[in-house]
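Colleague: Structure in structure tokens, see below.
Any read-out appearing in this document is the output of simple, stated calculations on the displayed coordinates, not a laboratory observation. Here the structure is a predicted model, which means the values were calculated and not measured. Cβ placement follows ideal geometry from the backbone for every residue including glycine, while neighbour counts extend to all protein chains displayed.
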Amino acid sequence: MHQIRAFILKEFKHVFRDRKTLLLLFGMPVVQIILFGFAITNEIKNSRIIVIDQARNIWSHRLIDKIDANIYFDVTGIKNDPREVVRAFRANTAVAALILSPEFGSPDKLPDRAPYQILTDASDPNAASLITDYLSAIIVSERTSEINTPPPLQIGTDVRMLYNPSLKGAYNFVPGVMALVLLLICVMMTSISIVREKELGTMEVLLVSPFKPVYVIIAKVIPYFVVSVINLVVILLLSVFMLDMPVKGNLLLLLAESALFITTALSLGLLISNITSSQQVAMLISLMGMMLPTILFSGFMFPIENMPWPLQLISNLVPSKWFYIIVRSIMIKGLGLLSIWKETLILLVMTLFFIGLSLKKFSVRLQ
Amino acid sequence: MKVIVDNLVKSYAKGSPRAVDGVSFSVGAGEIFGLIGPDGAGKTSIFRMLATLLIPDSGRATVMGYDSVNDYRKIRSLLGYMPGRFSLYQDLTVEENLRFFATVFNTSIEENYELIRDIYILLEPFKHRRAGKLSGGMKQKLALCCALIHKPEVLLLDEPTTGVDPVSRNEFWEMLDKLKSYGIATLVSTPYMDEAVLCDRIGLIQHGRLLGINTPAAVMASFPRALYAIRSRNMTGLLRDLKTIPVVRTALAFGSSIHFTLRSEGEEDAASIPGVLSRQGHEEIRMEKIDPSIEDCFIEILAG
Amino acid sequence: MNTENIIETRDLVKRFGDFTAVDHITFQVRRGEIFGFLGANGAGKSTAMRMLCGLSRPTSGAAVVGGYDVYSEAEKIKSIIGYMSQKFSLYEDLTIAENIEFYGGIYGLKRGEIKKAGSELIHRLGLEKEAGKQVSFLPLGWKQKLAFSVAIMHRPAIIFLDEPTGGVDPITRRQFWEMIYDVAESGTSVFVTTHYMDEAEYCNRVSIMVDGKIAALGSPEELKSDMHARDMDEVFYILARGAKRME
């Protein structure tokens, strides 16, 4: 017991005496949150829209005012000629266009063609579809507010964005960044730390001692567990207070699930350290093998449902995918353990699998 | 005998030559046994097998009667091991390193301080300095302390003097000598031939095979022929010209003189050499018969 | 600078914070000379060598290597020197031929020159059959000889050797020094550090650094007679034992 304590203390010393890595460990989460939270956003605030108003009546004017007043849109021009739309798209002075036909607004005339048309620059398809939906929603609500009786035989769609009505990007990114940062730190740092021992030659000396090699592993993992928990708390604080993220569900459950994920990542780091013998390779596998799949397959940047099914299968192997679901469920949807027991179990099984494999491959000798 | 090595064989990759090719020797209590040979001779592999870190392909290694393969756990608690390149924690201080290794071996610095006191005295002024910032000689001393801290029965030192200056090397061997009185069996490897005379017994090793085991004195006495040293004003020219004399068998530079042997044992042949050389223009020729050093013996065995 | 000298230093100093690693050293190395640069670990040898190779900027003092000033023309120095150390010489996972090609390119040789120098080198070492093998398969002694040959491929004015024979067997050590003699005879100066005191005897002149200063400078004969010592081992012992900087 005394021995393990001494070893853990030594590991803490290593972590805190390495200034550069320390900067990375604690600086990275902060930077990522700030970057993703503020700078990179796929929201559509102030989208530039050009209106071709061929109706020029009080209803079209009212609609245009309403659109311009909405924070998501910025009317950059009101023109007559539909050809202006192409010009505007090319010059990038607009990303969407609303064409109001001459019959727009008149309640008594039954239109023989579409009273309005929405055109979007779909080179950013995500934004384009959002814009279309918003715009339609605004127009429909404006129309129904004027006519007391809704037009007959109309099937209205009621589009509502549950949980995140203002479609704040932060809700998407923060859980993703949490997964990414925790995974990177735990996997990379753990594997590097163990491999460094091998490279230095001190592992050799440790093996030839009564100290059980298994304790080496445990002792190495603990400082990074502590560092990761600190990072987790920092990320949560930043997200809640700076980015206005809610924590609708149980905070303790969130922390417990995060602790589980940290353990999963640590055990993955262990596994990597067992199969590599140089720090560079360990770092490379961690970065390339972990970071890329996490970004691609956890679902926070690209929807998994849109991917071809082989890739969807692969995404199931990425631990951060499950953690992402868990975090969103707890933080944004306010759900409890009953809803996420499946994902939790998967993470648990993964952890046990990694640990089991590491122990099996761990050698008490050099060969 | 505390350490017994019996016909150890080890090769690393299929088809590649054996790193260790049937090596046998033993080390007793209070003895310093030197494995003398160049890099790649197989020294480190032998050490690793004795330290229970590698499994031999065939043969046996026993430490204190325990088998290195089956009873490795027992061996690991009574070995002091110093692998090459001083395995120390660079960012821990001298004292922290020592304390850590003491704890790992379930002991404390104070418990066996007697053993390391003479060495640690030199380190003590730097005990708060990080190990990475020590010079080679100091790292070597610290590594030795860490290996001794738990009062091992057997000390395995793999090239502890490589890359260290001659003065520190000398001091190191003086320290090893003092440890003999504690009954510790010490196995040391080194590529420096001149350190061989400081051992009780030596084994010359090359290409995974032992070329001979004996006391240094016996090895030197077994040199099969007469050995001469010669010097002149122009040493480079001397070496070249010596090699052209038909009766000269081997001629090798040895610092400030050249050691050579003759094909025959006749005294007249030796006496004729200075004459031949001065006729070739050499000046200030000084020649004498000498006792062979370990290096002379090693080269002779290798060449023969 | 005297054109007879390939290296000239005057009061060269290197300080790291308040620690003076190299403390006002002054010496010259002549063209075609084999100069032994000795000293205990921590005496300042490596620091001094790094300054002369243009790898580290001195704190004060003057140093000129091959006619180039170490402060302002460090890059030019690198083009006229060769360097070989025990720790790193060749790429283990490249073949002999690939290493030759690589280093030839680094030293600025043209393709034709590389081919010619390379095949000469291989022939001189007798490695024709091994040229396509990875360096890692060569025994250490051969690696060192090969590394040395590669380091002089571009015919530098001076070659720096940092403990080139460490751990090598006695026969190969001597073959290595024969190569050093050959190269010195053709006009290349050799600046070598070593812990083998018998190798110190093979040098034309030797300097011994103690605590950052040069404690002795001269031919082995001169030093031995000055100190009434039997060999260079004793000379070194006498000087280095008094060193304060033993850490």
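Colleague: Out of every Cα pair in chain A, what percent are spaced more than 35 Å from each other? Mind showing how you got there, number by number?
Modeller: Working: 28632 of 67161 pairs.
Beyond 35 Å sits 43 percent of the P(r) for chain A.
Colleague: Next up: Per residue of region B:174-181, in order, report the coupling 6.51 cos²θ - 1.76 cosθ + 1.60 (Karplus, θ = phi - 60°) as ³J(HN,Hα) in whole Hz, putting x for Gly and Pro.
Modeller: After applying 6.51 cos²θ - 1.76 cosθ + 1.60, I find 4, 5, 4, 4, 5, 6, 4, 5 Hz.
Colleague: Taking N as the number of residues in chain B, what is its alpha-carbon radius of gyration divided by 2.2 N^0.38 Å? Intermediate results must be reported in sequence, preceding the final value.
Modeller: Details: Rg = 22.6 Å, N = 304, 2.2 N^0.38 = 19.3 Å.
The value comes to 1.17.
Colleague: Simple spin-label model, 7 Å along Cα-to-Cβ: A:L337 to A:W309 in nm?
Modeller: 3.5
Colleague: If you don't mind, another one. R0 = 56 Å: FRET efficiency of C:D93 with A:V229, Cβ-based, nearest 0.05?
Modeller: On the way: r = 41 Å, r/R0 = 0.74.
Working from the Cβ atoms, E equals 0.85.
Colleague: For region C:59-123, report the % of Cα-Cα distances exceeding 16 Å.
Modeller: Of the Cα pairs, 60 percent sit more than 16 Å apart.
Colleague: Follow-up question, since we're still on this one. I need the Debye-formula profile for region C:84-156: one equal scatterer per C-alpha, no solvent, reported as log10 I(q)/I(0) at q = 0.26 1/Å, two decimals.
Modeller: Debye curve over Cα of region C:84-156, log10 I(q)/I(0) at q = 0.26 Å⁻¹: -1.33.
Colleague: Provide the net charge surrounding B:R60, with neighbours chosen by a C-beta distance below 10 Å and charges set as Lys +1, Arg +1, Asp -1, Glu -1.
Modeller: So the surrounding residues net to -2.
Colleague: Fewest to most neighbouring Cβ within 10 Å: what's the order for B:V276, C:V210, A:V214?
Modeller: In order of increasing Cβ crowding within 10 Å: A:V214, B:V276, C:V210.
Colleague: Would you pull out the residues with amide H under 5 Å of C:K213's amide H, same chain only if 5 or more places away, H placed 1.01 Å from N?
Modeller: C:D23
Colleague: Which of A:V349, A:V15 comes first, and how do the rest follow, when ranked by fewest Cβ neighbours within 10 Å? Each step should come with its number before you reach the end.
Modeller: Numbers: A:V349 11, A:V15 18.
Listed from fewest to most nearby Cβ atoms, that is A:V349, A:V15.
Colleague: Taking each residue in B:158-167, count the Cβ atoms of any other chain within 10 Å of its Cβ, then average. What number comes out?
Modeller: What the average comes to for B:158-167 is 5.
Colleague: May I pose another question? Hey, rough spin-label estimate for B:I109 and A:F12, points 7 angstrom out along Cα→Cβ, what's it come to in nanometres?
Modeller: 1.9
Colleague: Expressed in whole Å with the largest first, what are the equivalent ellipsoid semi-axes of region B:199-304 derived from the C-alpha gyration tensor as the square root of 5 times each eigenvalue?
Modeller: On the way: eigenvalues 161, 35, 30 Å².
Each semi-axis is √(5λ); the values are 28, 13, 12 Å.
Colleague: Let me ask something additional. Quick one: what are the phi-derived ³J(HN,Hα) couplings along region A:175-184, Karplus 6.51/-1.76/1.60 with θ = phi - 60°, whole Hz, x for glycine and proline?
Modeller: These are the phi-based 3J(HN,Hα) values: x, x, 5, 4, 4, 4, 5, 4, 4, 4 Hz.
Colleague: Starting from the Cα-Cα distance between C:S60 and C:D182, subtract it from 0.36 nm times their residue separation and give me the gain in nm to one decimal.
Modeller: So the extension gain works out to 40.4 nm.
Colleague: Take the Cα atoms of chain C, build their convex hull, and give its volume per residue in Å³.
Modeller: 130
Colleague: Quick one: 3J(HN,Hα) in Hz for region C:169-183, Karplus 6.51/-1.76/1.60 with θ = phi - 60°, rounded, Gly and Pro as x.
Modeller: The phi angles translate into 5, x, 5, 5, 4, 5, 4, 4, 5, 5, 5, 5, 4, 4, 6 Hz.
Colleague: I've got another one for you. What full-extension length gain, to one decimal in nm, is calculated for B:Y182 and B:A29 as 0.36 nm per residue of separation minus the Cα-Cα distance?
Modeller: Computed gain between B:Y182 and B:A29 is 54.2 nm.
Colleague: Here's something else I'd like to know. Sorted from largest down, give the three principal axis spans of the alpha carbons of region B:1-51, whole angstrom values.
Modeller: 39, 21, 16
Colleague: Here's a follow-up. Roughly what percent of Cα-Cα pairs across region A:47-146 reach past 20 Å?
Modeller: When all Cα pairs of region A:47-146 are counted, 32 percent exceed 20 Å.
Colleague: Taking only Cα atoms and a 10 Å spring cutoff, compute GNM fluctuations for chain B and point out the largest among B:V167, B:V94, B:V69.
Modeller: Sorting by GNM fluctuation, first place goes to B:V167.
Colleague: Next up: Under a 5 Å amide H to amide H cut-off, with H placed in plane at 1.01 Å, what residues pair with A:F73 once short-range neighbours are removed?
Modeller: A:N46, A:S47
Colleague: With the Cα gyration tensor of the protein assembly as shown in hand, give its eigenvalues times 5 under a square root as the equivalent ellipsoid semi-axes, listed largest first in whole angstrom.
Modeller: Semi-axes from the Cα gyration tensor: 73, 35, 24 Å.
Colleague: In addition: Pop the C-beta distance of A:I4 and A:D133 into the FRET formula with R0 = 60 Å and round what comes out to the nearest 0.05.
Modeller: E between A:I4 and A:D133, to the nearest 0.05, is 0.55.
Colleague: Determine which residues of region B:267-304 fall in the zone a paramagnetic label at B:R233 would reach in this model, i.e. backbone nitrogen under 13 Å from the point 7 Å along Cα→Cβ.
Modeller: Under 13 Å, as judged by backbone N against the label point of B:R233, lie B:278-286 of region B:267-304.
Colleague: Under a crude label model (7 Å from the Cα following the beta-carbon direction), how far is B:K14 from C:T3 in nanometres?
Modeller: Each label point lies 7 Å from its Cα, and together they span 6.5 nm.
Colleague: Mind giving me the FRET efficiency for B:R263 and A:L24? R0 is 60 Å, r the Cβ-Cβ distance, nearest 0.05 is fine. Intermediate results must be reported in sequence, preceding the final value.
Modeller: Values: r = 69 Å, r/R0 = 1.15.
Efficiency, rounded to the nearest 0.05: 0.30.
Colleague: What residues have an amide H closer than 5 Å to that of C:V206, excluding those fewer than 5 places away on the same chain, when H is modeled at 1.01 Å from N in the peptide plane?
Modeller: Counting only residues 5 or more places away or on other chains, the set is C:G36, C:G218, C:S219.
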